[in-house]
Amino acid sequence: MLIRKKSDNPEDYRKIKVVEEWFEQQQLPASMQLDSATYIPDLPDTVSRLFEQSYLYAGNPRMEGSLWLLLRIKKKLEGEASL
């Protein structure tokens, strides 16, 4: 059985919280074509699940993919807002 240790570093959670606060201020579209190979059919649900995973694995460098994906989504939304 794999035992996960929560991060003792508050900075790991602060990074996620800053991104989460940004997303809370946004009106998310129902879906998103993130890039030519990545279509997200239910963006609000996906974002919610990515935050769950980010908090669960905070501080584990092998599991930072969820936060990385949230940052890519954020960047795409910021780019669309500036058009």
| message | Go through region 36-83 and report how many residues are among the aromatic types (Phe, Trp, Tyr), at pLDDT 95 or above and either touching a Phe, Trp or Tyr at 6+ places or on another chain (Cβ under 9 Å) or within 19 Å of Asp12 (Cα to Cα) (or both). | response | 2
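Filter region 36-61 down to residues that are among the hydroxyl-bearing types (Ser, Thr, Tyr) and part of a loop (DSSP other than H, G, I, E, B) and give me whichever is nearest to the chain's Cα centre (by Cα). Spell out the reasoning first.
Step one: of region 36-61, the residues among the hydroxyl-bearing types (Ser, Thr, Tyr) are 36, 38-39, 46, 48, 54-55, 57.
When the remaining residues are screened for being part of a loop (DSSP other than H, G, I, E, B), the result is 36, 57.
Numbers: Ser36: 19, Tyr57: 12 Å.
The residue in question is Tyr57.
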| request: Go through (1) assigned to a helix (DSSP H, G or I); (2) free of Cβ contacts under 8 Å to residues at least 12 places away in the same chain and name the single condition Ile73 misses. | output: (2)
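Taking the conditions exactly as written (closer than 23 Å to Glu11 by Cβ and touching a residue at least 12 places away in the same chain (Cβ under 8 Å)), does Leu28 satisfy them or not? Give the derivation first.
On the way: closer than 23 Å to Glu11 by Cβ: no; touching a residue at least 12 places away in the same chain (Cβ under 8 Å): yes.
So Leu28 fails the test.
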| message | Of all residues being of a type in the set (D, E, K, R) and either assigned to a helix (DSSP H, G or I) or modelled with pLDDT of 95 or more (or both) in region 16-35, which is surrounded by the most Cβ atoms within 10 Å (Cβ to Cβ)? Just the residue, please. | response | Glu20
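The values are calculated or read from the model by the stated rules, or taken from the named source; none is laboratory data. Just so it is clear, the model here is predicted, and its values are computed rather than measured. Virtual Cβ from ideal backbone geometry, glycine too; neighbours counted across all protein chains shown.
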